[in-house]
Amino acid sequence: MKSFIIFVIGLILLLNSCNSFKQGERIYLSKCSNCHGVNAEGLAQMYPALDKSIYVNSLVNHLPCVILNGKYTLDKNGNKTSEMPPVANIGDVELTNLINYLQYKFNPSQTPAQLDTIVAWRLKCK
Ligand code: HEC
């Protein structure tokens with residue numbers, strides 16, 4: 001009986017996490033895939049692939065700010081050579097699911113980030 005209950009709880013948790021990855025995937029497809037590609041493969045020199053991105057693989061705590069503030073690169077004369085516009089219109093739960101989706105896809109050994117962790121990281125964005 002006890003192991004059955006544990007099995008059911010495990011199943012519910014598993015289904016729940018699948019749901020968040022699904023929601024994260026939907027958000028990715030609607031807000032990111034236009035530029036980064038459906039499988040985050042990027043586009044030549046214009047849009048970076050995300051599978052090897054340092055923000056997906058190790059600096060995940062900076063990922064909320066990259067998403068919310070956008071990101072640019074300057075050449076030595078101070079001119080922008082590439083730019084990602086901010087994706088600011090995104091709630092905390094959506095942001096958490098999006099980040100966990102990217103982690104799940106490219107860095108599955110990571111434990112999914114909790115909502116309050118993402119909120120704390122988000123508050124640190126300038
Ligand atoms: C309008 C096109 C566009 C959209 C939409 C977009 N990005 Fe970007 N993204 C870029 C460009 C261009 C860069 C490169 C910016 C730079 O560093 O110069 C970039 C950079 C990044 C980086 C940093 C990659 C690295 O390792 O330097 C991450 C992570 C990222 N984007 C994630 C996302 C996510 C997640 C979304 C959806 C919420 C998104 N982007 C939406 C164009 C876009």
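For region 37-59, the candidate set comprises residues that are more than 14 Å from L98 (Cα to Cα) and in a helix (DSSP H, G or I); within that set, the residue that is farthest from the ligand (Cβ to nearest atom) is N57. When L68, L74 are screened for being more than 7 Å from the ligand (Cβ to nearest atom) and touching a Cys at 6+ places or on another chain (Cβ under 6 Å), only L68 passes.
Across region 60-74, the number of residues qualifying as of a type outside the set (A, V, I, L, M, F, W, C), over 11 Å from the mean Cα position of the chain (by Cα) and not in a loop (DSSP other than H, G, I, E, B) comes to 4. Residues of region 45-67 include at least one that is among the basic types (K, R) and under 22 Å from K22 (Cα atoms). When residues in region 80-98 are screened for being near the ligand (Cβ under 8 Å from one of its atoms) and surrounded by 23 or more Cβ atoms within 10 Å (Cβ to Cβ), 1 of them pass. If you go through region 104-121 and keep only what is of a type outside the set (S, T, Y) and either modelled with pLDDT under 95 or more than 15 Å from V66 (Cα to Cα) (or both), you end up with K105, F106, N107, P108, Q110, P112, A113, Q114, L115, D116.
The values are calculated or read from the model by the stated rules, or taken from the named source; none is laboratory data. Small disclaimer: the values here were computed from a predicted structure and weren't measured. Heads up, the Cβs are rebuilt from the backbone with ideal geometry, glycines too, and the neighbour counts pull from every protein chain shown.
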